[in-house]
Structures are given as structure tokens and as C-alpha cells.
Amino acid sequence: MAFQGASSSSLSPSPHRWTYDVFLNFRGEDTRKGFTAHLHDALCRKNINTYIDYKLPRGEEISEELLKAIESSRISIVVLSKKYASSTWCLDELIKILECKNTKHQKVLPVFYDVSPAEVRHQRESFGEALAKLKDRLKDEMKVQRWKKALKEVTTLSGFTLEDRNEPEIIQEIVREVLKSTNVKYLNVDKHLVGMQSRVQDIHKKLRSVGMNDTTRILGIFGIGGVGKTTLAKEIYNSFIDQFEYSCFLANVRETSQRENGLIQLQNTLLCEILGDWSLKVINDDEGMHLIKQMLGNKKVLLALDDVDELLQVKKLLRDRDWLGDWLGLGSLIIVTTRNERLLTNYNVHLQYEMKELNHNEALRLFCWNAFKKEEPNQGFAELTENFLQYAGGLPLALEVLGAYLYEREEIQVWEDALEKYKRNPPNDIQDKLRISYDGLEESEKNIFLDIACFFARAREEYVTNILNGCGFFPHLGIQILREKCLITIDEYGRVNMHDLLKVMGKEIVRKKSEKNPGKRTRLWFHEDVRYVLEQNKGTNKIEGMLIDLPKKDLIHLSPGAFEEMEMLRVLINRNAHFSEPPNYFSNELRVLDFYNYHGSSLPSNFNGKNLVDLRMTMCKLKSLGDKFKNFQNLKFLILEHCHFLKRIPDTSGLPNLEELNIRQCDRLVEVDQSIGSHSKLFLLAIDNCPKLNSFPSSLNSRSLFNLFVECCESLVSFPEIGLETKYLAYITWSFTGIKELPHSIGNRTQVDHLRLEGNKNITCPKLTDYLRLPSLPPSKLDSSTFTNCFSELIELSLSYNNFVILPGWIDRFVHLWELHLCYCKNLKKIEKLPPNIKVVNVSGCSSLESFPEVSKRFEFNTSNLSELHSIDLSGCSKMLVNVGSHVAAILRPPLVLNVGSYAAILRPPLKWCGNSCGLVFPGNKIPNWFSHCKETSNSCSRDTFIEVELLNPIKGILTCVVFTSHYDFPSILITVNYDGRCLGTIRRSYFLKGSDHVWLAFYNLEPFTAAKGSLQIRFEWDSNRILFKHCGVHMVHKDEKNAKRKRDDDDEEYYSMDDNLEDGDED
């Protein structure tokens, strides 16, 4: 090329494929029969689809046909000749061409035929004269200025000048340049892709978020094997390839690099694909790195590196990240796919995208297309289809493989057999793909993976780390590596999750180590194998872990000495098996002993427990923990449930690492040793339902204690003193006990933010006010300011099941309080005030409550100053009269955003700190009159119903209402919001009192979704055995709906009153 203009760094996806390869823009009088005719002929001989207009212009306006031809062409060649500027047609075409360059990212190649770029740029000589004549003739200064601007802009683009060169030479050069762009090698992708469009759009948004000054964009796509990373990379690559002269998709980088001279082969492929010169040969990888930099320097490149698993592979192809912008051209885009998130971090890839599994609806469509060649299952196969979807867990590879295998297999028994077979032995196509990441792990990391797959999936990360650390597997690093390689995930609750197919793969790896003899495998979990080993005494020292989980509770006839050969057993978990006799031997290598129904009165005499980290005994006949209990020096978790013969927890001073003591329903337990109060590492101390417990540590001095939970211990009459060292105690539950007073030391606990004092009928306390009318409490000893100062940081306060009559006004001093629970305070009549930042109030079961002004202020008149209050449960408060204004939607509007698939719905799920609180619940039997869509359920046996709502005008969201009667405590109602068959979100309510009719209101904020048209489907589901579901309603909350403050007007249809009759609304 004769000169180079500025290149653009902008990047956005190409909108469509092109109708024409080239559009020719030229002045017919100058070049039609000469240069342009020869150029057109040369392009056609190379099968380049070229648009040329042979018609002479018959007016001043450019035709619609030409406008469409320009828009539909990949490249425009502008032939600028002497008389070019004298044609308004040519100039209008040029403006349109440059517009398409900017909006559709078309390529423009200017050709300066018998004129110089300077002559065009500065509008001198023939160009200046022609424009002056047009200005005089048209009398349109603005149009002429647009033409001048366009002529100036086209000279800044890379183009061709004829100068002293002959025409055939320059024509061939133009054709070669065109071929670089028209010979675009689009990558083949399945035409029946599901769920890909939304993911492509997400990445386009991510790429657009990068500043224009960035020299090179690097996008990293990571995720589990078989999730569709390569397919997504191909879609992104195809969407941008039109904008790059140089492009290459390097597939199978991991596999190729493992071959002899594999990296050299990759370097050769990269150079040859981009440059089109297959004569280039790289001798060694260092030379290849130099050649790549030399040959690709300053070129705008689109490059994809697919399935990378080592940082070295990227460096040998792209050099160090810090140097990348120094040699690649402005606007280059690099796409890297990998299973290893850490690799992207190490290469400093800032644009990272995690490829997630398909959601349920996407998975259903993909599976059905492969299994039935349509998007829904055949009749009679719906349930089996759901079973296969659950097995595949949204993994596209599994959905395609399984669906293809089942295609045209129309016997239900075949499907059932296939499912059972694959649950134990997944297809090789899936297994081999998933195993790649496992094979790249170190030995300790493989052990961590297999332990999680067999025993610890869904357990808390902290717990798993403690157990595996006790096994010497270095889990702090190992778990992080498994997460980075997408073999596990850690959810928002801190649980370790593993895809079901990865768990099956891990178990299959263990099984194949000894296919015929389960006793020689490292881990056992399948109930038939476990039973065989224990009943036939086939255990060996190969076994490191055993999970006993029978299909139902059953008896195992334990062979004498069945455990004696398992000297290396680290993990023993019995979920539900009964044994013919208690085991007489436990390995001293045990880190986890989690045993159900242990019939021995003490642990086996050989067991020293020195390595034990977790001891859990459930439904056991232990009378004591044995003499060696004091030597369990590594024990962190001690959980005893339903141990009905256990009378005391002995001296625990020999357990320096104890972090959790949890005792439940040990109904003969009398004593917990004083030593438990002094454990420096104790985090949780929980005693529940131990009615005979009367001896408890008199003081707690554990500096790590965070959660103290004591409940339903009626014989416990004293609350321990809280020592000054207990600085981190945040949760206190002391309910349904026999205590008579709270200790003065509790006043020092300003850091407590959750306090539950429920059902302590005998309590007297100088820290509570006389408004809390507890028995035997002399008014002269009351001091409200002391109580509020002591617990100034409270977030949650529960005083349920108590006898006071009035909730005092000083409750508003708890400025940090979010939740207030006063359930079943049956003498409570009045609630005067609430804390200023309160969010949730639960007064369910307060049958005497008759005055609660904030309910009217907030939900009827909208005059309350409590801007955070969004949830009140008044179920069972039969004396409360509740009126609801139509502004209630704004009050119930939640702060959480739930992203589901490609949609975002802001719903009100039960928050972590809200328990089951959700919206507004109160006694009543009618849907508010102002609800626009109402439905009555006529069949008492039905379990669900639907309301469909058209999306016509912009809306904020929807308000849902349910009228029901509960026959039992703790029933549940589930509401699901769907759009076009896709679930936007769900909300569940499961804490209603049985008895009379109640109304439940909840709001769904859909503002991120308002651009959608069509209809929303709102599904209501319930347990017909526990609930009589009477009415449901949906009200659309429009954007222009104002939350005006109203005066009370019983006749105003914008209000809901318990006394109103149900207005006959639209029956949907």
C-alpha cells in the first residue's frame, strides 16, 4: 500500500453475514470502461461477489437499491478520479459508505486514480473546482460541508495510489487485499445451539467495557470440561472475524503441546494461518517466539487459544503479558479458553468469564433436541427426561451424548436401564473429557478430589479443610487448586460443591483400581460393596474411607473382626445401618468417626483417637466417652445426638483443639464439665433438648466463642457468667430453660448482635424495664437505659413466648436492630414504637395484640418513617384490623437482585437474617379490590394454579396476593415467576399458623426486565393436605404509579379492609 492511515481500536460484534463481498463506488465518466471495468473483471475471476451499478444516474437522489447494496457489502472500494467530486451520486454514496464503516464495521479501500491523496484531502484542483460548482448550483452549504468532510475522512484510510505504477499491477494488489478479508474462515458450530446467545451477549458487554486506549484485549473463558467453552469461543471468534485482516483459531492447545515438538507445531500453525504462508518453518520454540513477534508486529490480530492448561503454552505463543501491547497492533483481540482459572490470573487476564452450566429450561431444550429432534419430550417420557436432566446437571456435553444415545430408543425400560447404568459408570465420551483436569493434579490434590467426590460434597469448606488437613493433604492450597481448575465450587454459604458427573467420575476412578474386589479399593460408598466387605470380612489395609448409606435402614450382619484389617481407615461414616453387634475395633488412623446407632456402651478398647478430628455419635447407647477420651488431642468437632444413656460430658481439658460442642436430645444428660467453659478455640457451644441437665459451666472464658445456644433445658436454672476474655460472642440463644436471672456480666457484651431469650418463664432481670411485665420483677430495680446500652449493636432480638403486655417505647433505642421476634407472646396487647432501621417484625401468635400503630402508618397511610420495614407477620393476631393501600408494592420492594440465566429478577426471598419472614401476612379472607388479576381455586384437591399477565406497558414489578387457611403448622406456598417458559425466580413461604383465613402479600421487582414483551406466567403451588388455598391475585405495578400519601377513606377502592366484601374481579 502507498500509505497507512489511522486504525480504529473500537470493537463490537459484526451484525450479520454479507450479501456482497465488494461494492464499487466510482465516477463512470472517468473509469467505467477502463480501470473500474478491469478491476471488476479481476474480482469476478476470483469469485468475489461484487456489486457494480451500470445505470447512469437519473436524478440528484441516490436510489434505495444502492443504499441497500452498500449496507449489504463487506468491503467498499472507492475509486477517486478527476471528475469524482462533480457527481453528487458518488459523494452521497461515499457518505453512506463511511456511515456503514462506523456502524457496521465495513472495510473501505480508497483507490486514488490519477489524483493524489493531498488533492482529495485538501479539495484542491479538480476536487476544489467541482465542489465550488456544486455549492453554487445547489445552494446547500450543509450538504457540501458533509461531502468535504467525507472526502477528508476517506484519505485517512489505508488505500492505493496509482502514481507511476501500471494498472494491472495495482489491480492485482487490490484483489489480494480483498481476498484477505473475503476469504474469512468462519468456524463451524452446531446450528442447534441452546443458551449461547445470552452468553455471547454477556461477553460482548464485557469487551465493550474496556477502555478505547487499551492496545490489546485478552478475554479468558474458564469452566468445567464439557460446559461449552470452545463453542462459546467459536461464536465470539465468528462474531468479530470480519473486522480483522489477520486471524487464527488454535484448537486443542493442551493436546497438541503434549506431543513431541508440540509447541513448535502450534507456533508454525499460528504463523502460517495468519500470514497465509505455509513455507514458514520454525526450528525451535525460542525462534518461534521471535518470528511471531517479528511477523505479527503491529498487526491487528484476532487469535483464539483453545483448551490451554499451562502458562508456558501462552507465553510461547504470546510472550509475557506485559510486552503484549508493545508488539501487537491496536485493537487486537486474544481469546483464551481453559479449565484453570489460575492460569488466567497468572497471565494477568482482566477480562474473565466463567462458563456456567445450562439452566433447567436450556438443558431441557438441548437434551430433547438430541433425544427427540424437538424441544419437548415425547408422550410418556417427561419424567424420565427430568431424571436424565438431573443426572446431567446442565452440562452440555452430557446432555448431547445422552440425548444422542437415547435417540429412537423408544422403550421406557431401555431408558431406565441406561440411567441406572450411567449413574454408576458414565459414558466414556463424558468420562474422558472430565478426567483431563483430574489427571493434571498432584497426588495430594487427587486425594482431596476423591475424598470430596466420595464423602464430603456439600460440606462446609472450613469443615472439609479441617478433616483433610488432619490427613496431611495440604487442603488450604489443594482446595484452592481444585476450585481454580473448576473441579469444585464454593457457594455463598461456604459449602464445597462438586458437579454430579464429576462425583461419578471420581468414584469410577476409585472403582477401576480394583473392579472385581471392593475390599482393595481406597474408598467405599456403594451399599452393595460395603455390605459385601463387612459381612464377608473382605476388608484390607487399602481401604481409607467408608460411607455406609443403605437404600433404607437395614441390618448388617457384621463379620467378627470386620474392621480389624482396615488399619488405614481415615473416614468412617454410618448414616443408617444397624449392626448385628457393635464393632470391636476402630483404626487409630480415623479422622472422621460419624456413627449412627452404635450399640456399645463405650468406644472399642483399642481406639486411642489421637488422630480423630470429628466425632459424631447419633442414636447410640454410649454410657461414657471412655478413659481415652481425654487423649483426643486433635478433636475439633464433638456432636452427640440422641445418646439416651449418656449422663455426663467429662473433663475436656485434654482436647485443646475443640471448636464445636453440639449436644442434642440426650435426655439423661445431667452434667457438662466445667472445663468446657475455658477452651480457647471453642467457637460453638450448643445444648438442645436435654431436660435433666442441671450442671453447666458457671463461667465462659473462651476467647473464640462466637455462638452460645442453649434451648429446652428446663432443669438448668443459672446462666453462666460471661468472662472478659469472651470478646467475640455475637449470638446468644438461651430459651425455654429454668433460669431465674441473667448475670450482670452479660451487660459487658456490647458486641452481641443476635439475642434470643424465649420462653424463660422464671426469669427476673434488673436489666429489663417494667414494661416487660415478667413475673416477680420489682419495678424499683428496672433500668431501661442499661439494657439498651448493653446490647447497642443488636441486629436480631427475640423475646418470643414471654408474658409481657406492652412492648415499651424505649425499643427504638436499638438503632441497629433489623429483626424483632415476639411470637406467641399471648399477653402482648400493644406495640408502641419500633427501632428506626427495623426490617422484619414477627408477632405471629400474639392473640391479644390489638394496638400496633406502625402497621397502619406503613401499609395503609404510608406515613411511617420506618423506611426499611418491609416484612410483618401478623398471623394469628385476630384482634388486629389491617388495611392495605395500593402503595404497598413500594414498601415490600426488596433490595436483592437474583440473576437467573439471561434474566434478572429482583425478588424477596427469605434473607439469611430474615428466616421465613416474607412480605406482609395478616388475618383476612379477601384479595384487595384494586388487584387487576384475581383467581379463585374451585378444587380443594388441586395443588397449583396459574395466572398469566400480558406485558403491555412499562412496569416496575408485580404484587402477588394469596388467601388461604392452614390446617397444620409449617405448611408452604411456592410462587414462581416465568417468562416465555423460563424461570425468573421463586419465593417460598413456610411459616403460617394453622386455623383461620390469612392473606399473604409479596412483591416481585422486574425493572431490569421491563424491555421484554409477551406475558408473565405466575404459578402458585401448595400442599393441598396442609393448606386450603382459596384465592390468589396479581397486580401490575406500573412505572408511572405514584406512592402518594393518602388519608383513610373506607370507601376508597385503593384500600383493602378486612370488613370489605370481595369484589368480583376479573376471573382469569
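What the table below lists for this structure:
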read-out	value
Residue check for residue 373: among the basic types (Lys, Arg) and at positive phi	yes
Search result, residues across the stretch 20-50 that are under 21 Å from residue 65 (Cβ atoms), assigned to a loop (DSSP other than H, G, I, E, B) and over 50 Å from the mean Cα position of the chain (by Cα)	26, 27, 32
Unmet requirement for residue 433, which otherwise passes all of (1) open to solvent by 40 Å² or more (accessible area, probe 1.4 Å); (2) more than 28 Å from the chain's Cα centre (by Cα)	(2)
Qualifying residue in the stretch 620-643 (condition: open to solvent by 30 Å² or more (accessible area, probe 1.4 Å) and closer than 21 Å to residue 743 by Cβ)	no
Scan of the stretch 564-605 for residues that are buried (at least 21 other Cβ atoms within 10 Å of the Cβ) and assigned to a loop (DSSP other than H, G, I, E, B), ordered by number	566, 569, 570, 583, 586, 587, 590, 591, 603
So residue 856, is it more than 24 Å from residue 803 (Cα to Cα), of a type in the set (S, T, N, Q) and open to solvent by 10 Å² or more (accessible area, probe 1.4 Å)	yes
Qualifying residue in the stretch 415-438 (condition: part of a helix (DSSP H, G or I), within 24 Å of residue 495 (Cβ to Cβ) and polar (S, T, N, Q))	yes
Test: residue in the stretch 536-558 that is under 28 Å from residue 464 (Cα atoms) and of a type in the set (Ser, Thr, Tyr)	yes
Pair list, Cβ under 8 Å, 6 or more apart: the stretch 450-477 residue in contact (Cβ under 8 Å) with a residue 24 or more places away in the chain, other residue open to solvent by 30 Å² or more (accessible area, probe 1.4 Å) and among the aliphatic types (A, V, I, L, M)	461/490
All positions within the stretch 681-696 that are more than 37 Å from the chain's Cα centre (by Cα) and either modelled with pLDDT under 95 or open to solvent by 10 Å² or more (accessible area, probe 1.4 Å) (or both)	689, 691, 692, 694, 695, 696
Lone unmet requirement of (1) touching a residue at least 12 places away in the same chain (Cβ under 8 Å); (2) surrounded by fewer than 15 Cβ atoms within 10 Å (Cβ to Cβ); (3) more than 27 Å from the chain's Cα centre (by Cα) for residue 420	(1)
The stretch 651-669, residues that are farther than 23 Å from residue 465 by Cβ and surrounded by fewer than 17 Cβ atoms within 10 Å (Cβ to Cβ)	651, 653, 654, 667, 668
Top-ranked residue of the stretch 71-112 - restricted to ones that are assigned to a loop (DSSP other than H, G, I, E, B) and hydroxyl-bearing (Ser, Thr, Tyr), ranked as nearest to the chain's Cα centre (by Cα)	72
Segments classed as strands (runs of 3 or more DSSP E), wholly inside the stretch 970-1068, with at least 3 members that are at pLDDT 80 or above	973-979, 997-1005, 1014-1022, 1027-1038
The stretch 809-828, residues that are crowded, with 18+ Cβ neighbours inside 10 Å and either assigned to a loop (DSSP other than H, G, I, E, B) or of a type in the set (Phe, Trp, Tyr) (or both)	814, 817, 818, 822, 823, 824, 825, 828
Subset tally (residues that are within 30 Å of residue 48 (Cα to Cα), among the charged types (D, E, K, R) and not in a loop (DSSP other than H, G, I, E, B)) for the stretch 161-209	6
Residues within the stretch 715-764 that are in contact with a His (Cβ under 9 Å, 6 or more places away or on another chain) and closer than 24 Å to residue 670 by Cα, tallied	5
Yes/no for residue 699 being surrounded by fewer than 17 Cβ atoms within 10 Å (Cβ to Cβ) and touching a residue at least 12 places away in the same chain (Cβ under 8 Å)	yes
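So that you can scan it fast, the table gives a plain yes or no per residue for (1) in contact with a Ser or Thr (Cβ under 7 Å, 6 or more places away or on another chain); (2) more than 30 Å from residue 302 (Cα to Cα); (3) outside any helix (DSSP H, G or I):
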{"residue": "114", "(1), (2), (3)": "yes, yes, yes"}
{"residue": "123", "(1), (2), (3)": "no, yes, yes"}
{"residue": "146", "(1), (2), (3)": "no, yes, no"}
{"residue": "157", "(1), (2), (3)": "no, no, yes"}
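Let's see how each residue does on (1) assigned to a loop (DSSP other than H, G, I, E, B); (2) in contact with a Phe, Trp or Tyr (Cβ under 9 Å, 6 or more places away or on another chain); (3) over 17 Å from residue 270 (Cβ atoms); (4) open to solvent by less than 20 Å² (accessible area, probe 1.4 Å):
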{"position": "314", "(1), (2), (3), (4)": "no, yes, no, yes"}
{"position": "317", "(1), (2), (3), (4)": "no, no, no, yes"}
{"position": "326", "(1), (2), (3), (4)": "no, no, yes, no"}
{"position": "330", "(1), (2), (3), (4)": "yes, no, yes, no"}
{"position": "336", "(1), (2), (3), (4)": "no, yes, no, yes"}
{"position": "343", "(1), (2), (3), (4)": "no, yes, yes, yes"}
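So that you can scan it fast, the table gives a plain yes or no per residue for (1) open to solvent by 50 Å² or more (accessible area, probe 1.4 Å); (2) aliphatic (A, V, I, L, M); (3) within 20 Å of residue 433 (Cβ to Cβ):
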site: 228; (1), (2), (3): no, no, yes
site: 255; (1), (2), (3): yes, no, yes
site: 264; (1), (2), (3): no, yes, no
site: 271; (1), (2), (3): no, yes, no
site: 280; (1), (2), (3): no, yes, no
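Here is a yes/no grid of residues against (1) open to solvent by less than 60 Å² (accessible area, probe 1.4 Å); (2) without any contact (Cβ under 8 Å) to a residue 24 or more places away in the chain; (3) among the polar types (S, T, N, Q); (4) under 17 Å from residue 304 (Cα atoms):
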site: 170; (1), (2), (3), (4): yes, no, no, no
site: 180; (1), (2), (3), (4): no, no, no, no
site: 185; (1), (2), (3), (4): no, no, no, yes
site: 193; (1), (2), (3), (4): yes, no, no, no
site: 218; (1), (2), (3), (4): yes, no, no, yes
site: 221; (1), (2), (3), (4): yes, no, no, yes
site: 224; (1), (2), (3), (4): yes, no, no, no
site: 240; (1), (2), (3), (4): yes, no, no, yes
site: 249; (1), (2), (3), (4): yes, no, no, yes
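The values are calculated or read from the model by the stated rules, or taken from the named source; none is laboratory data. Since this is a predicted model, take the numbers as computed values, not measurements. Backbone-built Cβ (ideal geometry, glycine too); neighbour counts: all protein chains shown. All accessible areas refer to the heavy atoms of the entire protein, side chains included, with ligands and DNA or RNA removed. Shrake-Rupley method; radii C 1.70, N 1.55, O 1.52, S 1.80 Å.
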